[in-house]
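Heads up, the thing below is written out as structure tokens.
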Amino acid sequence: MSRALEVAQAADRERTAARLLRSSAEKFYDPDVDVDWSAPPVEGMLYQPEHRISLYGTYLWDRLTPEQRIELSRHEVASVASNGVWFEVILMQLLLKEIYRGDPTTSHVQYALTEIADECRHSIMFGKAIAHFGLPAYGPRKLLHRLGKLLPVVGYGPALYGSVLIVEEVLDRFQREAMADENVQPMIRMVNRIHVLEEARHVTFARQEVASGMPKLTKPELAYQRWLVALVGCQVTHTLINPRVYRSVGLDPHEAYHVAMTSPHYQASLRWAGERIMAFLSDAGLVGAPGMHLWRKSFLVAA
Ligand SMILES: [Fe+2]
Ligand SMILES: [Fe+2]
């Protein structure tokens, strides 16, 4: 990449970061104040739109009573939210790595710090919501939980920000739908609304990092980056629902998880949630060999 292009890109990054800093100062939420934690759950209301529950449309779904469907939606939301905390903790580590080698006088580093502050509040908010409804923080499965520690070590460049975007944009699409759905618990809708608003800035920041990082990659690096981002995409879609959630409605976790992950309806939901980010990553050149097998397994691209 030429020196002139590098300078122009750095100026662009600074302008975007400065704009995001202004927007963060104008509009942000404090979940301690902005969520009414004293409000009890509304009897008979779902915790997510029914058609997004992982077993919807399967033979196991037909066996569940309306009360069990609500109970499953409760536990699935706790699984997604606790995975959200796990992702956010990894993301905070990635951002700290960037800040460690950056210049704190730049808007770029200052925005990275602001994003960490946002994610801190989000993780507290998700933790409080899970506790409020008396649910377990399922999180990812044990092995993945251990492997997650490696991502801040092996991840860098566009694959690192691409990974962040997969999580943020997939969750964003589910949360946008849930926040607008009047059949969903009001507190869950508020939590989703807060998250959607603040994540929009994170998405802008990360997308710019992907775009500016791509031209700097050598050919072997590009292959590694494509593989890594596909691996993360595949893990993300497989971990959102922890199999243990199915015990809450008396189902065998192994069988029910298998039914969900092979359900054309749930796979279509995941693909729908990933539409925007996959179009962006494809345009950026991050989707390709040697990652295609993993992408197909993730259901984020058509098989
Ligand atoms: Fe967040
Ligand atoms: Fe975020």
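The values are calculated or read from the model by the stated rules, or taken from the named source; none is laboratory data. Computed from a predicted structure; not experimentally measured. Here the Cβ is made from the backbone with ideal geometry for all residues, glycine too, and neighbour counts use every protein chain on show. Just the protein is used for accessible areas: all its heavy atoms, side chains included, with ligands, DNA and RNA removed. Shrake-Rupley method; radii C 1.70, N 1.55, O 1.52, S 1.80 Å.
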If the requirement is being within 14 Å of ligand 2 (Cβ to nearest atom) and farther than 22 Å from Arg22 by Cα, which of these qualifies: Leu147, Leu151, Leu171? Leu171
Given the criteria assigned to a helix (DSSP H, G or I), under 23 Å from Val203 (Cα atoms) and open to solvent by less than 20 Å² (accessible area, probe 1.4 Å), does Leu94 qualify? yes
Residue under question is Tyr138, and the condition is that it be surrounded by 14 or more Cβ atoms within 10 Å (Cβ to Cβ), among the aromatic types (Phe, Trp, Tyr) and away from ligand 2 (no atom under 16 Å from the Cβ); does it hold? yes
Among the residues of the stretch 97-120, what is the count of those that are open to solvent by 60 Å² or more (accessible area, probe 1.4 Å) and not in a helix (DSSP H, G or I)? 4
Which pairs do you get when a residue that is closer than 18 Å to Ser24 by Cα, found in the stretch 115-130, comes within reach of a residue that is of a type in the set (Lys, Arg) and open to solvent by 10 Å² or more (accessible area, probe 1.4 Å), reach meaning Cβ atoms under 9 angstrom, with the pair 6+ apart or on two chains? Glu115/Arg201; Asp118/Arg201
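Okay, residues lined up against (1) crowded, with 16+ Cβ neighbours inside 10 Å; (2) modelled with pLDDT of 95 or more; (3) within 19 Å of Tyr257 (Cβ to Cβ):
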{"position": "Glu26", "(1), (2), (3)": "no, no, no"}
{"position": "Asp30", "(1), (2), (3)": "no, no, no"}
{"position": "Asp34", "(1), (2), (3)": "no, no, no"}
{"position": "Gln48", "(1), (2), (3)": "yes, yes, yes"}
{"position": "Leu55", "(1), (2), (3)": "yes, yes, yes"}
{"position": "Leu60", "(1), (2), (3)": "yes, yes, yes"}
{"position": "Pro66", "(1), (2), (3)": "no, yes, no"}
(1) out of contact with any strand residue (DSSP E or B) (no Cβ under 6 Å at 6 or more places or on another chain); (2) open to solvent by 20 Å² or more (accessible area, probe 1.4 Å); (3) closer than 29 Å to Asp32 by Cβ: which one isn't true of Leu144, the others all being true? (3)
Does Val191 satisfy being among the hydrophobic types (A, V, I, L, M, F, W, C), at pLDDT 95 or above, buried (at least 21 other Cβ atoms within 10 Å of the Cβ) and away from ligand 1 (no atom under 13 Å from the Cβ)? no
Could you please let me know if Ser269 is touching an Asp or Glu at 6+ places or on another chain (Cβ under 7 Å) and small (Gly, Ala, Ser)? no
